[in-house]
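In what follows, a single structure is set out as structure tokens and then discussed.
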Amino acid sequence: MIVINSQVVIAGAGPTGLMLACELRLAGIDVLVLERLPEPRTVESRAGALHIRTMETLDQRGLLDGFLERGQPRQHVHFSGLSLDLSDMATRYPYALFILQAEVQRQLEQRAAQLGVRLRRGAEVTGFTQDETGVTVEFADGSRVRADYLVGCDGGRSTVRGLAGIAFPGTPATMTAMLGDVELAEPPAADIFQERREHGRFSVLSYGPGWYRVLTNEFDHVAGRDEPVTLETLRKAMLKIAGTDFGMHSPRWLSRHGDAARQADRYRVGRVLLAGDAAHIHFPAGGQGLNTGVQDAVNLGWKLAAVVRGQAPDRLLDTYHAERHPVAARVLHNTRAQTALWRVDEHTSALREVLDDLIGIDEVRSRLAGMITATDLQYPMEGTDDLLGRRIPDLDLDRGRVYELLHHAHAVLLDLGGLPSLDSVVTGWADRVDLVRARSIEGSDLGAVLIRPDGHVAWITRAGERPDYDALQAALTTWLGPPAFAGVPSAMVERGGDARLGEGGRIDRRMACLQGHPQAQHMRLSSD
């Protein structure tokens, strides 16, 4: 029996699933989050930092202050333990924010509740079937839910990925790592202490008054995936590598992992999609995993909302894989490189010395820092301006900041050059894009820029240039769907198709109703 209905079902209430739920609710989508565990994890926190790009993403939704209040700013990130200074990065947040995953989840769950996201705990997904109109998800207790789309955010051992038959190729583990959140009677003096020794590598990170995160890497064996970890196991590894256990006691959480690196070969099968660890796993080098997952969610959320609401064609969802799959592939690539550089033989030590010397060159340091923090990310876009596909800078305007314009997850057409003709150009998209006229306090050379809901630039004209309004309309159609006109619902997006309006009402319109419309030539609808 189908007992629940929802427009989108998300499997997994980790940071990725909760962020996606928040993004969808901002667009008015009914969301149900299913979590296998009966209670939230308040102690286990594999991830421990937010990077610049994630903080900017949270800022553009008005959420960052709560995270900043509970985190510890650190000026450096690292590449295989080699320090990368962030102080000169072009951002309002030139640092990493040390904050445990459990706190990140708590903040996002509170936000999800405020937005009206439904969260069902103790709900284990055991199967699903999909057809042309939706997905039926089955639970272990025999209940079901019917939804338009299902998104698997259920971790590296994703049930949704397995049920969807999505391949997960990659490389197996070659080493063993352990993590322990413990108290130390004799901690090292530095807040961040990392060393490579003859028998491996270890780190000690100060995460709060009286307790520390201890990590060990051993390269001489690969532990079984489900082997238990005890305080004694971690103590022996530390004694072996560091020669001391720093007086560790009173563990809060202990865990073991390896350096297996795998990625789903596709992020979408029909009405089923993957995000976060369900789509990619890797060694947690540089703290990129949680950040990549949250950014997956922000890329997918507005696209999925537009399709569910009937404003954009289904093919918009294909851009999610096209944009995010290469990003995670690069993360897997750089974490493999970092793991290799942590090995303790003399050849690797020589390579590290060479790289450490090169990091002294600003261009090398900034290139690596941009890769770790994802601030160098640029999605492919049509056009030649280098800002296309990049995140819009958070300019100071005479009416606030650019990121404040994105709090509601709408697309924004920002006019900094006084272009009155923009009103008539965007008339058909007035329900999906906010036209904002402002002045840059910083004296930017931007004339006007179309900002997607995720903060990335989709069209731009510089001050003094002749705007290409055909390119603007093409960008609006590509990313926001075809325009709506008087008497023509914006939800009609496919030829002869059945579309979804607002909160779920259905309409059945034919393309013939557009014949003769004065602006029909601007519409680029599917002819499939």
Positive-end residue, the chain charge dipole about Cα centroid, Cβ charges, pick of LEU388, ILE441, ALA47
ALA47
Lys, Arg +1 and Asp, Glu -1 on Cβ, resulting dipole of the range 176-258 about Cα centre, debye, nearest 20
120 debye
Can you give the helix-only mean residue ellipticity at 222 nm for the chain, where every DSSP H stretch with n ≥ 4 adds -39500 (n - 2.57) and the sum goes over all residues, rounded to the nearest 500 deg cm²/dmol?
-8500 deg cm²/dmol
Specify the inter-centroid distance of the range 178-227 and the range 52-68, based on alpha-carbon positions, in whole Å.
29 Å
So if R0 is 35 Å, what FRET efficiency would ALA90 and ARG252 give, r being the distance between their Cβ atoms, rounded to the nearest 0.05?
0.40
Spatial separation of Cα centroids for the range 257-279 and the range 7-38, in angstrom:
17 Å
Would you work out if the range 176-258 is rounded, prolate or oblate? Take a ≥ b ≥ c from the square roots of the eigenvalues of the alpha-carbon gyration tensor; rounded if a/c is under 1.5, else prolate when a/b is larger than b/c, oblate otherwise.
oblate
In debye, nearest 20: dipole of the chain around its Cα centre with unit charges on the Cβ of K, R (+) and D, E (-)?
1060 debye
Rounded to whole Hz, the Karplus (6.51, -1.76, 1.60) HN-Hα couplings of the range 27-41, x for glycine and proline
8, x, 7, 6, 10, 10, 9, 10, 10, 5, 6, x, 9, x, 7
Once the Cβ-Cβ distance between ARG197 and ARG367 is put in as r, and R0 is 35 Å, what FRET efficiency do you end up with, to the nearest 0.05?
0.75
Specify which residue in the list PHE219, GLN194, GLY247 is farthest towards the positive end of the charge dipole of the range 176-258, using unit charges on the beta carbon of Lys, Arg (+1) and Asp, Glu (-1), about the Cα centre.
PHE219
Virtual spin-label span in nm between TRP211 and GLN110, 7 Å along Cα→Cβ:
1.9 nm
Checked against the structure, the computed semi-axes √(5λ) of the Cα gyration tensor in Å among [x] 40, 26, 25; [y] 42, 28, 19; [z] 82, 30, 16 is the one labelled [y]
Karplus-derived 3J(HN,Hα), 6.51/-1.76/1.60, for each residue of the range 354-371, Hz, glycine and proline x
5, 5, 4, 5, 5, 5, x, 7, 4, 5, 5, 4, 5, 5, 5, 5, x, 5
Along Cα→Cβ, 7 Å out, is where each label goes; now give me the distance between the ones at GLU124 and LEU231 in nm to one decimal.
3.1 nm
Mind ranking 67-79, 5-17, 370-382, 145-157 by how tightly packed they are, going by the mean number of other C-beta atoms within 10 angstrom, highest first?
5-17, 145-157, 370-382, 67-79
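Taking the mean number of other Cβ atoms within 10 Å as a proxy for protection, how do you rank 296-305, 335-344 from highest to lowest?
Averaged packing, sorted descending, gives the order 296-305, 335-344.
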Estimate the FRET efficiency between ALA322 and THR133 by the formula 1/(1 + (r/R0)^6), using the beta-carbon distance for r and 25 Å for R0, to the nearest 0.05.
0.50
Separation of the range 439-463 and the range 358-391 by C-alpha centroid, Å?
18 Å
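Rounded, prolate or oblate: which one fits the range 63-215, using the alpha carbon gyration tensor with axes a ≥ b ≥ c (rounded when a/c is under 1.5, else prolate when a/b beats b/c, else oblate)?
On the way: a/c = 2.26, a/b = 1.72, b/c = 1.31.
Note, shape of the range 63-215 comes out prolate.
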Add +1 for every Lys or Arg and -1 for every Asp or Glu among the other residues with Cβ under 13 Å from the Cβ of ILE359, and state the total.
-3
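Every number in this text was worked out from the coordinates using simple rules, so none of it is lab data. In this text the structure is predicted, and so the values were computed from the model without any measurement. All Cβ positions, glycine included, derive from the backbone under ideal geometry; neighbour counts span all protein chains shown.
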